[in-house]
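Below is one structure, written out as structure tokens; the observations come after it.
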Amino acid sequence: MNVGYDIVLACPEPTAMILMVHIHESRPQTLVVPDRLTTTPAVPLSFYRDSYDNWCTRLVAPAGEIRLTAEAVLDDDGSLDPLAPGTRELEVPELPDDALLFLLGSRYCETDRLVQTAWDLFGGTPRGWARVQAICDYVHERVQFGYEHARPTKTAFEVMNDGQGVCRDFAHLAITLCRCMNIPARYCTGYLSDIGRPGPYDPGDFAAWMEVRLDGGWFVFDPRNNHRRTGRLLIARGRDAADVAISNSFGTSELRAFRVWADPA
């Protein structure tokens, strides 16, 4: 599997940035060619891990344009996202300490505004895997996908009301509804290929999905596509999109070009 990106940003003056574009360390054993970030013009890079163990890059972009590129080759066995129907839901006292944060409201996931709605909708559903799937089914059917509906400030409550959004909005709403039902849920971003899917294909983009904590660990759910996929490759995870932005600029920057790919090798 071949993945990568080619991004051009423009800054009116030297601007500090944090990038989150590296393949997550949960998949290092599959990397045949690692995704080494290259900048044009070349600038010094430094690296650190954030509180969610995501790999982050610091740099200062010069005035003018800067191009960010990387390409990786992975040995992917073609397996679909794990499927474990019947997996039980954990009671809050049973949850590990590090899962508790993902029960709480966050920037884009206002649990306080949707808790009654969630219980009205899903309080009578079977608990565990079936309840999470019911939430994904609901979000998938309720929300209309379209890039024209994207808005960087849109929250789960707003998605619930207007029924429109992009993949991050599907994820935010499903995460919020899960948290309202006392199921820990966290936001994920990364590559998602169209391997095994019928065309025509949309232009490449980074994708958003969620992981939920059930008995036995964290499991992938994708309310936007709502079916198991192959070629899903994690870059970062956090409470919501605010924790895993591709780039945070400490100053003005403009996106001039953006291309992402995830193709068979």
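The values are calculated or read from the model by the stated rules, or taken from the named source; none is laboratory data. Remember, it's a predicted structure, so these values are computed and weren't measured experimentally. Quick reminder, even Gly has a Cβ in these numbers, built from the backbone with ideal geometry, and neighbours come from all protein chains shown. Side chains included, ligands, DNA and RNA excluded: accessible areas come from the protein's heavy atoms. Shrake-Rupley method; radii C 1.70, N 1.55, O 1.52, S 1.80 Å.
Using the 1.4 Å probe convention, the accessible area of the chain works out to 47 Å² per residue with neighbouring protein chains retained. What shape does the chain have by the C-alpha gyration tensor, where a ≥ b ≥ c are the square roots of the eigenvalues, rounded means a/c under 1.5, and otherwise prolate means a/b greater than b/c and oblate the rest? In terms of gyration-tensor shape, prolate. Compared with the direct C-alpha span, the chain from VAL60 to ARG142 gains 25.4 nm at full extension, assuming 0.36 nm per residue.
Let a ≥ b ≥ c be the square roots of the eigenvalues of the Cα gyration tensor of region 214-265; is it rounded (a/c under 1.5), or, if not, prolate (a/b larger than b/c) or oblate? Oblate, because a/c is 1.5 or more while a/b does not exceed b/c. The stretch between ASP53 and HIS149 holds 31.5 nm of extra length on full extension. This uses 0.36 nm per residue minus the Cα-Cα distance. Placing dummy labels 7 Å off each Cα toward the beta-carbon, the span from SER79 to SER26 is 1.2 nm. With each label modelled as a point 7 angstrom along the Cα→C-beta vector, the ARG197-LEU37 pair spans 2.6 nm. Hey, what D do you get for region 122-265 in µm²/s if you plug the Kirkwood alpha-carbon radius into Stokes-Einstein at 10 °C and 1.306 mPa s? Roughly 99 µm²/s, to the nearest whole number. Taking the protein heavy atoms of the chain in the context of the full set of protein chains, the accessible area attributed to carbon and sulfur is 52 percent at 1.4 Å. Length gained on full extension, ASN226 to LEU45, computed as 0.36 nm times the residue gap minus the Cα-Cα distance: 61.4 nm.
How would region 31-70 be classified by its alpha-carbon gyration tensor: rounded, prolate or oblate, with rounded meaning a/c under 1.5 and the a/b versus b/c comparison settling the rest? Oblate, since a/c reaches 1.5 and b/c is not below a/b. Comparing ASN54, ASN161, ASN226 in a Gaussian network model of the chain where C-alpha atoms under 10 Å apart are linked, the largest mean-square fluctuation is found at ASN161.
A crude spin-label estimate for the pair LEU104 and PHE258, with each label 7 Å from Cα along the Cβ direction, gives 2.9 nm.
Under 5 Å between amide hydrogens, built in the peptide plane, is the criterion, and for PHE258 it picks out VAL8 among residues at least 5 positions away or on other chains.
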